[in-house]
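The structure appears right after this line, and notes come after that.
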Amino acid sequence: MKIILKSDLHRELVELPFAITAEWEEQYQVVIVLTGGSENLFLQEVQAGHIDLNRPILLVAGLQSNALPASLEILAWINSHNGHGLVTTTAELPQHSHQTSTIHPLVYTPEAEPLRLGVIGQPSDWLISSRVDYTMVQSKFHIELVDIPLDSIIALGEVDSGLEGAKAIHRELVRMVEQYHLSGLTLRCFDLLTTVKNTGCWALSMLNDAGIPAACEGDIPLLLTMMLARQRYHAPGFQVNPARIYPDGRILFAHCTLPLSMTTKYSLTTHFESGIGVGIHGELPLGEYRLMKISSDLQTMMDEPVRLILNQFEPTLCRTQVWVQASRELAQQMLTHPLANHHLLVKC
């Protein structure tokens with residue numbers, strides 16, 4: 001059995017760079033993920049009875065258009081629902097393992113005073129494995145999550161499609177931070193593409209550089225990871241999608257926004273999926289970083305050393321793209337037991 005998932009979020013035609021073998025189809029339910037935003041399509045196939053969680057599932061991810069991030073989000077959902085699966089981006093199967101050496105118990109020291117974090121517009125629909133229990137966040141982190149509608153940003157209307165429009169979005173987010181007394185926020189940014197016709201990429205970059213952790217796509221676990229990174233390493237982080245993972249530990253990460261203070265140089269371009277608004281292409285200094293992520297159940301986390309070895313640019317990925325060298329164990333972990341999609345790269 002073979003199912004192909006492709007979201008309408010992506011404009012370009014994408015194809016898998018290798019053929020699926022008959023042996024794979026005999027062993028697994030093969031799900032080919034060609035683009036990001038396919039996660040809800042997977043849930044629809046499960047609900048329709050086309051995918052059986054009692055049988056092993058092989059998620060075959062394309063090498064562009066955020067196919068791998070979607071696959072990792074799907075696999076995290078499969079694992080949380082007692083299914084069994086693997087992700088591959090090559091013509092080779094990863095070795096399945098229950099090893100969790102790169103995942104540790106979550107330790108967070110709450111601040112002396114309670115904090116408030118804004119969830120502006122709710123998490124993006126495709127973050128199927130990145131939802132959290134607000135009550136648990138309150139008890140474990142001493143943090144109140146505040147739901148805030150997107151209405152005031154949408155009320156800006158169709159802003160300028162370039163930097164002036166991006167700055168208008170930033171000013172509105174700063175106003176929200178002040179009005180709601182926020183220490184950080186996460187923004188359902190893709191809704192801005194069809195309403196104000198610009199992106200939150202510049203605004204989130206500016207907030208992170210101002211010491212206000214700000215995450216994309218309404219991702220709450222990633223926002224909490226940013227808070228932990230500030231506490232442990234006193235530094236902002238680059239919210240990243242894993243775009244390629246190889247068994248030798250090489251991982252390509254990409255996204256369209258990052259704190260400019262992390263870059264050696266940068267240029268402004270468009271947002272990848274939509275081709276509109278303002279995205280950021282930056283280059284980061286080579287050297288030692290931490291790769292971090294808090295699980296959505298708030299019980300475990302990843303905080304592993306990696307080395308940034310190369311900056312690159314390809315037109316079929318989000319605008320800032322970096323290769324890191326991680327351990328083989330970490331790469332294997334991400335292909336078999338991922339902590340969902342987004343991760344945080346922190347310079348140490």
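Points worth noting:
- Positive-end extreme of charge dipole, segment 135-183 - chosen from 152, 179, 142 (charges on Cβ): 142
- Length released on extending from residue 20 to residue 139, taking residue separation times 0.36 nm less the Cα-Cα span: 38.2 nm
- Gain in span if fully extended, residue 44 to residue 233, counting 0.36 nm per residue against the direct Cα distance: 64.0 nm
- Nearest-20 debye value, the chain charge dipole, Cβ charges on Lys, Arg, Asp, Glu: 700 debye
- Sequence-distant contacts, meaning Cα pairs under 8 Å at least 6 residues apart, place the relative contact order of segment 103-252 at 25 percent.
- Computed extension gain for residue 297 through residue 325, at 0.36 nm per residue and net of the alpha carbon distance, reaches 7.3 nm.
- Residue 314 versus residue 261: modelled label distance in nm, points set 7 Å from Cα along the beta carbon direction: 3.2 nm
Throughout, read-outs are computed from the coordinates displayed, never taken from laboratory work. Just so we're clear, the structure is a prediction, and the values are computed from it rather than from any experiment. Note that we place each Cβ from the backbone using ideal geometry, even for glycine, and neighbour counts take in every protein chain shown.
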